[in-house]
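Readers should treat all values here as calculations from the given coordinates under stated rules, not as data from a laboratory. None of these values were measured; they are calculated from a predicted model. Here Cβ is always computed from backbone atoms with ideal geometry, including for glycine, and neighbour counts include all displayed protein chains.
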Amino acid sequence: MFDFLRRRPSQNPQPAGSLERLSNLARTCLTADAAKELQASQKLPEFLRLASGIVPADSLIELPLAKHVVYSLASGYSPAETVLHAFKLTLAVRLTTSAGDDIVKLLAMSGAAVSGVKQMAKWRDSGAIRSELFENDLKAITGMVYPSPASDGWIKKVMIEYSSAP
């Protein structure tokens, strides 16, 4: 389910055409100037490089997540910050569609979440992710994956964010 987190990024490449798909989406969703600026910034290839060990490749094919990625990068968020955001959204989707009320699956996802957060904590420590963004998303991630009466509320809150793709 979250086996991609156990592999090195080179073992979990993004599917062929991911860059082209995100670039095309940017051209259709953003103004012409914003799309050109995003292309020139090289944020899309950097995002895909960083995401290859964190965000499942099949998730980036889903339109809501792809739109979140494009708008995040075009809005000034760094590629690492965008990976953090995409990871949080993907985790909510996987918890909703795969784990359900199965505590064993939920606990397995908790371990996977810890692995992803550890990598992103390194990016925060290096300055690639702003501390306030990391802390905010970490609160949502832990709220979703650690079983408690509030878990469902956290998942619903993040799913509303996911479904409100621009």
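Are any residues in region 20-61 closer than 30 Å to Ala112 by Cα and among the acidic types (Asp, Glu), and if so, which ones?
Glu20, Glu46, Asp58
Got a sec? Which of Val55, Val117 is under 14 Å from the mean Cα position of the chain (by Cα) and over 28 Å from Leu30 (Cα atoms)?
Exactly one of Val55, Val117 is under 14 Å from the mean Cα position of the chain (by Cα) and over 28 Å from Leu30 (Cα atoms), namely Val117.
Among the residues of region 116-125, are any of a type in the set (A, V, I, L, M, F, W, C), surrounded by fewer than 16 Cβ atoms within 10 Å (Cβ to Cβ) and closer than 28 Å to Lys43 by Cβ?
If we filter region 116-125 for residues that are of a type in the set (A, V, I, L, M, F, W, C), which is where we start, we get 117, 120-121, 123.
Going one step further and asking which of them are surrounded by fewer than 16 Cβ atoms within 10 Å (Cβ to Cβ), we end up with 121.
Subsequent filtering for residues that are closer than 28 Å to Lys43 by Cβ retains 121.
Yes, region 116-125 contains at least one residue that is of a type in the set (A, V, I, L, M, F, W, C), surrounded by fewer than 16 Cβ atoms within 10 Å (Cβ to Cβ) and closer than 28 Å to Lys43 by Cβ.
Got a sec? Which of Ala150, Ala128, Ala113, Ala108 is farther than 25 Å from Tyr77 by Cβ and surrounded by 16 or more Cβ atoms within 10 Å (Cβ to Cβ)?
Working: Ala150 fails: surrounded by 16 or more Cβ atoms within 10 Å (Cβ to Cβ); Ala128 fails: farther than 25 Å from Tyr77 by Cβ; Ala113 fails: farther than 25 Å from Tyr77 by Cβ.
The match here is Ala108.
Could you tell me which residue of region 27-76 is surrounded by the most Cβ atoms within 10 Å (Cβ to Cβ), considering only residues that are over 13 Å from Leu89 (Cβ atoms) and charged (D, E, K, R)?
Taking the candidates together, the pick is Lys43.
Please give the helices (runs of 4 or more DSSP H) falling wholly within region 33-146 in which 2 or more residues are in contact (Cβ under 8 Å) with a residue 60 or more places away in the chain and farther than 21 Å from Met159 by Cα.
Answer list for region 33-146: 103-125.
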